[in-house]
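All remarks here apply to the structure that follows.
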Amino acid sequence: MAHRTPPGSSASHASCLDLWREKNDQLIQQAKVAQDSGLSPRRQQLAQDALEGLRGLLHSLQGLPAAVSVLPLELTVICNFITLRASLAQGFTEDLAQDIQQGLERVLETQEQLKARLEHGLRGLWDSVLHVSSLLPELLPALHHLAGLQAALWLSTDRLGDLTLLLQTLNVSQVIQSRASEDLLLLLKTWRPPAEESDAPLTLQDAQNLRGVLLTAFAYRQGLQELITGNLPRALSSLHEAASGLCPRPVLVQVYTALGTCLRKMGSPQRALLYLVAALKGESTWGPPLLEASRLYRQLENTAAEIECLELLVEALSVAHIPEAPQLLIEVELLLPRPDPASPLHCGTQSQAKYLLASRCLQTGRAENAAEHYLDLLALLLDGLEPKFSPPPCPRGPCVPEVFLEAAAALIQAGRAQDALTVCEELLSRMSSLRPKRPRLWEDARRGTRELPHCSPWVSATYLLQGHARVQLGAQKEAISEFSRCLELLFQATPTDKEQGPASSCEQGCTSDVALQQLRAAALISRGLEWVASGQDTKALQDFLLSVQVCPGNQDASFHLLQTLRRLDRRDEATALWRRLEAQTELPQENAAWSLPLYLETCLGWIHPPDRETLLEEFRTSLLETCDL
């Protein structure tokens, strides 16, 4: 250094200390000017210059033997350096832990205890430093500030056990009787960092503010975790704690949305709605509260409001979000976990939201709207604007082929059969490269060319939908041909190869035994109805009998069979079937609890007898008339 005065000279020591402190204060003022500059190159340059200045100042301070009189400034510079670096990087890095460790080692150097404590690691260093801090009261404010940064680092990396022990030690060092507590939220609330002296070096963020950030971040993390695991009362308490803390607007939106989710699940929809309305006020991220509002209105059976929320969600996700300049501080966002797709606050992408909107329109009878939304979604996928479509995680979403199938079903439902055929043809062309050219699947498996196990049901479903499109166009012969191609593929299907490993949730949905049974029944009934329409009841009878065999739980098949038996005047068989149906009417439909793909549910709705109760009553009346005769 330029100053070569003797180490024992108190005047030179004080002079250097004043210069170092002045440098620290100047750099902090520069960082605060950068903070007020918004998102601009000047802001980044000022902040980076301030960071490099703090790095150089720290190097100067640590180039000398540790001294108690200098340590308050040195520890403050470490805190300022870590705060600015973490905020610029928008996260904590491993080398910041080394900066904390070096600060603790410097404290122990003054007490000549370093060698005995190094082997215990960072936790041991903290225990040692806080143990000797009673002998060095002038270091307490800076040490608590550094402990707050250590707490932030451990919270961001989920080292909650170490964080709990640190806070217990901090509170004991302040003679706060909460050592026995392992409640991290309580420990954060009872921790009281000592106030800084009025003439202390400037800090970018003081310990009290850091404590508030830690308290809010942990309360929110804990509340969200309790919400996901179903512990709703504790979730509500933690989320209320987070909402009352240092919550920047984007985080407050998430907290209010989580509170809305929690209250909805607890059966308080009106209170939930109040929080969601609050979350939507002001300019911020609207996705999560809009998605939660749609769930709330669905629970309240207010379909119009639910659809409106989903439309607004799609619109909100289509607008590019311009982030605000982050504060040059440790903020709550830095301490939160990465977004989890399984979280109730995850609103997904524009294509996922578009899918939710399209599927709900289809489920609620808004066929024309559903058709348009599905076509928009397919345009996103085919144009490459959404290169990889991930299904919504909750509830289980569809794979891309199922999106095509649902789109075709919606178009048929809306009376747009020709458009449905176009969608089906596009799907078949895209699936053709996955399908074998030989019909014997197991032979192809030995040659390594067998199609994917879920490919055949998708192709079969495509032929089924093409058949219904042909029916709508009045092409009866072509419709029967499509249904027959569907059945040919379905009855060639083989068991899923277990050596391929577990299937995805989408593949499990389309290849489950129940789905395959219902798909076969739908194809047989659909073809049977076309035989009936062409006056070929004998052929229809064969298809309806087979549909009852392949899917015994499908009552629609039995009702169509009953009507056909009546037309063919096969009274004994019809009566026996009628008695079975009478006994089953009070029982729940078999496999009703199973979730079927939406395109299949829609297709089953087309072949559902219009009024089964009326049919049973008419048959009962005809039997009574026969008995009277």
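What to note about this one:
- Computed FRET value (nearest 0.05) for ASP158 with LEU568, which takes r as the C-beta separation and R₀ as 60 Å: 0.30
- Rounded to whole Hz, the Karplus (6.51, -1.76, 1.60) HN-Hα couplings of the stretch 198-206, x for glycine and proline: 5, 9, 6, x, 5, 10, 6, 8, 7
- Reach of LYS539 by Cα under 13 Å, taken over aspartates and glutamates that are not fewer than 8 positions away in the same chain: GLU530
- Cα gyration tensor category, rounded, prolate or oblate, for the stretch 16-172 with a/c compared to 1.5: oblate
- Positive minus negative residues near GLN327 (Lys, Arg vs Asp, Glu; Cβ under 15 Å): -1
- Point-to-point label distance, GLU94-GLN418, nm (Cα→Cβ direction, 7 Å offset): 6.4
- For the pair GLU182 and GLN45, label points projected 7 Å from Cα toward Cβ lie 5.4 nm apart.
- Each residue of the stretch 610-615 was assigned a 3J(HN,Hα) from its phi angle through the Karplus expression (A = 6.51, B = -1.76, C = 1.60, θ = phi - 60°), giving x, 8, 5, 5, 5, 4 Hz with x at Gly and Pro.
- Rounded to the nearest 20, the Cβ-based charge dipole of the stretch 213-320 about its Cα centre (Lys and Arg +1, Asp and Glu -1) stands at 360 debye.
- The residues of the stretch 213-320 have, on average, 43 Å² of accessible surface per residue, using a 1.4 Å probe with all protein chains present.
- For the stretch 262-295, the residues whose backbone nitrogen is under 15 Å from a point 7 Å from the Cα of HIS240, taken along Cα to Cβ, are 262-264, 266, 268, 271-272, 275.
- Most to least accessible of LYS477, LYS354, LYS281 (protein chains only, probe 1.4 Å): LYS477, LYS281, LYS354
- R0 of 51 Å, Cβ-Cβ distance ARG338-ASP611: FRET efficiency to nearest 0.05: 0.45
- Of the residues ILE322, ILE307, ranked by 1.4 Å probe accessible area with the largest first, the sequence reads ILE322, ILE307.
- The phi-based Karplus calculation (6.51 cos²θ - 1.76 cosθ + 1.60; θ = phi - 60°) puts the 3J(HN,Hα) values of the stretch 207-213 at 5, 5, 5, 5, 4, x, 5 Hz, whole numbers, x for Gly and Pro.
- Net charge in the neighbourhood of LEU166 (other residues with Cβ under 12 Å of its Cβ; Lys, Arg +1, Asp, Glu -1) is 0.
- In the complete set of protein chains, residue-level accessible area for THR190 is approximately 40 Å², probe 1.4 angstrom.
The values are calculated or read from the model by the stated rules, or taken from the named source; none is laboratory data. Just so it is clear, the structure is predicted and the values come from calculations on it, not from any experiment. Positions of Cβ are generated from backbone atoms using ideal geometry, with glycine treated the same way; all protein chains shown enter the neighbour counts. For the accessible areas, the whole protein counts, side chains as well, though only heavy atoms, and no ligand, DNA or RNA atoms are used. Shrake-Rupley method; radii C 1.70, N 1.55, O 1.52, S 1.80 Å.
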